[in-house]
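The values are calculated or read from the model by the stated rules, or taken from the named source; none is laboratory data. None of the values given here were measured: they were computed from a predicted structure. Here the Cβ positions follow ideal geometry from the backbone for every residue, glycine too, while neighbour counts run over all protein chains shown. Calculation scope for accessible area: heavy atoms of the full protein, side chains included, ligands and nucleic acids excluded. Shrake-Rupley method; radii C 1.70, N 1.55, O 1.52, S 1.80 Å.
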Amino acid sequence: MKGAIYWRLLALAFTGSICAGAAAPTSPAYPVKIGSTGRYLVDQKGVPFLIAGESPQAMMVNISEDEAEAFFANRQSHGFNTAWVNLLCAKYTGGHDDGSTIDGLKPFAGDFDFSQPDEKYFAHCDRIVQLAAKHGTLVMLDPAETGSFLTVMHKNGVDKCRAYGRYLGKRFAKFDNILWFHGNDYGDHSPENDKLVTAVALGIKEFDDRHLHTIEIDTDMTSLEDERWALIVGLSGAYNYKPVYVPILRDYNRKTDH
């Protein structure tokens, strides 16, 4: 995906994949949470957290764990503290059609059957998240980005999507350095599609109440402008090919408790 993205509570805006910002002198105490005014993030010690992010979306499948550690170490040395990574990755974001890693691990048995997650694949993902933590990096983790996996979610149906979310909630609740990130060029966020994508998010939330959620929907929109997501996300984001301050200002002036 391209364009500009802004996360209101983080004061994050980046064009392409980079956000300017300064690294904290020490690693934040994750998980991040919402600050007292509702307009910024803080860590567990109450220290304000400004995302300086990159988007190595296909990291889980396109590089080795040693290469991932080298990446996180390098980005930490340059002041970056966040990475958007897709838990599943296929052709839309630079992976393979079958979602496999460079050494042939596949996330599910069969043809992306969400009810049959493969332990070896997800253990590999665990280690990537742990390597990010080692280098002070918050992982904005997308459980099923909608560029490649909306069709897959339809094939699985709502119940399997919800079960997949529960699996992820149980698995990743223990990791501190996660912020759940949904969508991705999610222009067709119709009620029918949202039933599936929200099912994953709600399944996660059943077992993981430690981490915030956000979603990238359509261009010139914010996360809160889809009413079905407004009660799920704790972090509102805007994505735009045009001046990104337009949806930012609209969201900033929103009267809401979310």
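Side notes on the structure shown:
- When +1 charges are put on Lys and Arg Cβ atoms and -1 charges on Asp and Glu Cβ atoms, the dipole computed for segment 64-161 relative to its Cα centre reaches about 260 debye.
- Greater than 23 Å apart at Cα, pairs in Lys91/Lys120; Lys155/Lys242; Lys33/Lys255; Lys45/Lys170; Lys170/Lys255; Lys134/Lys174: Lys155/Lys242; Lys45/Lys170; Lys170/Lys255
- Principal axis dimensions, largest first and in whole angstrom, of the chain by Cα: 46, 41, 33
- Figure note: Val129, Val244 ranked by solvent-accessible area, largest first, 1.4 Å probe, ligands and nucleic acids not counted: Val244, Val129.
- Assigned charges on the beta-carbon of Lys, Arg, Asp, Glu; the chain dipole about Cα centre (debye): 760 debye
- Given charges at beta-carbon only (K, R positive; D, E negative), |dipole| of segment 36-118 in Debye: 600 debye
- Dipole orientation for the chain: of the candidates Ser148, Val197, Gly95, Val197 has the Cα lying most toward the positive pole (charges on Cβ; Lys, Arg +1; Asp, Glu -1).
- Per residue, the solvent-accessible area of the chain (1.4 Å probe, heavy atoms of protein chains only, all protein chains present) comes to 43 Å².
- Cleavage-rule hits (chymotrypsin sites (Phe, Trp or Tyr not before Pro)) in segment 215-258: DSSP loop, at most 11 neighbouring Cβ within 10 angstrom: Tyr241
- Normalised radius of gyration (Cα atoms, divided by 2.2 N^0.38 Å) for segment 167-250: 1.11.
- Measuring nothing but how far apart in sequence close Cα pairs (under 8 Å, 6+ apart) lie, relative to its length, segment 86-203 scores a relative contact order of 29 percent.
- Using a probe radius of 1.4 angstrom, the carbon and sulfur fraction of the accessible surface of segment 16-161 is 53%.
- Kyte-Doolittle at least -1.0, axis length at least 15 Å by Cα - qualifying DSSP helices, the chain: 119-134, 146-156, 158-172, 191-207
- Antiparallel bridge percentage (DSSP; both residues within the chain; nearest 5): 55 percent
- Most mobile listed residue (Asp209, Asp185, Asp113) in the chain, GNM with C-alpha springs under 10 Å: Asp209
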